[in-house]
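The values are calculated or read from the model by the stated rules, or taken from the named source; none is laboratory data. Predicted model, so just to flag it, every value in this text is computed and none were measured. In this analysis, Cβ positions are derived from the backbone assuming ideal geometry, glycine residues included, and neighbour counts consider all displayed protein chains.
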């Protein structure tokens, strides 16, 4: 859990630093920084999608995942959690940037190859170096997001703790499922599509309900194993 603790600490520190300097930054600088993060998110997303070895598996995992997410109203639930936290912490109840910052950074910090591989290494080998690198990147991103979107980014540290903590503690159980490169590649490719969708949201081109695609991360490895089974 050392890697997860480090990651949570950098997100908290980044969010606090972002709020401290946010008011001093001109709007044009904050806007440009957000655009840079969106573009880098696109780059990472494309790199992840290109790992896919079976486009049909990728398509089906996203279709099934998206349908499941819509039925479960995952994004609405996360947004409501953000609004509830904002009401409890600030007395406001409008949602807006607070909820947007919470939802966006929660997904950004928890969807990606470094999250999965880093947690597996930390849980199985006690090697938290990959998560330490991810923590540094997340901390820098938290500064930019918090300066633009507010304290909702700080709340995403809780999401990092829950998601990465669960993956790290469950590493031994997940190793047989995620052991092969084929499974990891489709899992990363599904996450890459979500990163691309996040990029669209950050640039305010299209408000795709990215959180509703999260079940695709469950379907992707299962479909790879199913295809492997039926092919004999």
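Tell me the helices (runs of 4 or more DSSP H) entirely within the range 151-232 that contain at least 3 residues that are over 30 Å from residue 88 (Cα atoms) and at pLDDT 85 or above.
Values: elements: 152-169, 171-178, 181-202, 216-230.
Answer list for the range 151-232: 181-202, 216-230.
So which of 20, 9 is modelled with pLDDT of 90 or more and either more than 24 Å from residue 199 (Cβ to Cβ) or out of contact with any helix residue (DSSP H, G or I) (no Cβ under 7 Å at 6 or more places or on another chain) (or both)?
Values: 20 fails: modelled with pLDDT of 90 or more.
Result of the check over 20, 9: 9.
If I ask for residues that are touching a helix residue (DSSP H, G or I) at 6+ places or on another chain (Cβ under 9 Å) and not in a helix (DSSP H, G or I), which ones from the range 25-44 would you list?
25
Report yes if some residue within the range 87-102 is in contact (Cβ under 8 Å) with a residue 60 or more places away in the chain, in a helix (DSSP H, G or I), out of contact with any helix residue (DSSP H, G or I) (no Cβ under 7 Å at 6 or more places or on another chain) and under 18 Å from residue 153 (Cα atoms); otherwise report no. Spell out the reasoning first.
Taking the range 87-102 as the starting set, the residues that turn out to be in contact (Cβ under 8 Å) with a residue 60 or more places away in the chain are 89-90.
Among the residues that remain, those that are also in a helix (DSSP H, G or I) are: 89-90.
Now narrow it down to the ones that are out of contact with any helix residue (DSSP H, G or I) (no Cβ under 7 Å at 6 or more places or on another chain): 89-90.
If we keep only those that are under 18 Å from residue 153 (Cα atoms) too, we end up with 89-90.
Scanning the range 87-102, I find at least one residue that is in contact (Cβ under 8 Å) with a residue 60 or more places away in the chain, in a helix (DSSP H, G or I), out of contact with any helix residue (DSSP H, G or I) (no Cβ under 7 Å at 6 or more places or on another chain) and under 18 Å from residue 153 (Cα atoms), so the answer is yes.
Could you tell me which numbered condition residue 144 fails, if it satisfies all but one of (1) within 23 Å of residue 63 (Cα to Cα); (2) in a helix (DSSP H, G or I); (3) touching a helix residue (DSSP H, G or I) at 6+ places or on another chain (Cβ under 8 Å)?
(1)
Need the failing condition index for residue 52 against (1) free of Cβ contacts under 8 Å to residues at least 60 places away in the same chain; (2) assigned to a loop (DSSP other than H, G, I, E, B), just the number.
(1)
Applying the selection to the range 115-125, what residues are touching a helix residue (DSSP H, G or I) at 6+ places or on another chain (Cβ under 8 Å) and either surrounded by fewer than 20 Cβ atoms within 10 Å (Cβ to Cβ) or without any contact (Cβ under 8 Å) to a residue 12 or more places away in the chain (or both)? Even if it seems obvious, please write down each step before you answer.
Restricting attention to the range 115-125, the residues satisfying the condition of being touching a helix residue (DSSP H, G or I) at 6+ places or on another chain (Cβ under 8 Å) are 115-124.
Within the range 115-125, 117, 121, 124 qualify.
Among the residues of the range 62-82, how many are under 24 Å from residue 205 (Cβ atoms) and assigned to a helix (DSSP H, G or I)?
Looking only at that region, the number is 13.
Return the only residue of 173, 189, 226 being over 13 Å from the mean Cα position of the chain (by Cα), exposed (fewer than 14 other Cβ atoms within 10 Å of the Cβ) and closer than 18 Å to residue 63 by Cβ. So that I can check it myself, show each step before the final result.
Working: 173 fails: closer than 18 Å to residue 63 by Cβ; 189 fails: exposed (fewer than 14 other Cβ atoms within 10 Å of the Cβ).
Going through 173, 189, 226 in turn, just one is over 13 Å from the mean Cα position of the chain (by Cα), exposed (fewer than 14 other Cβ atoms within 10 Å of the Cβ) and closer than 18 Å to residue 63 by Cβ: 226.
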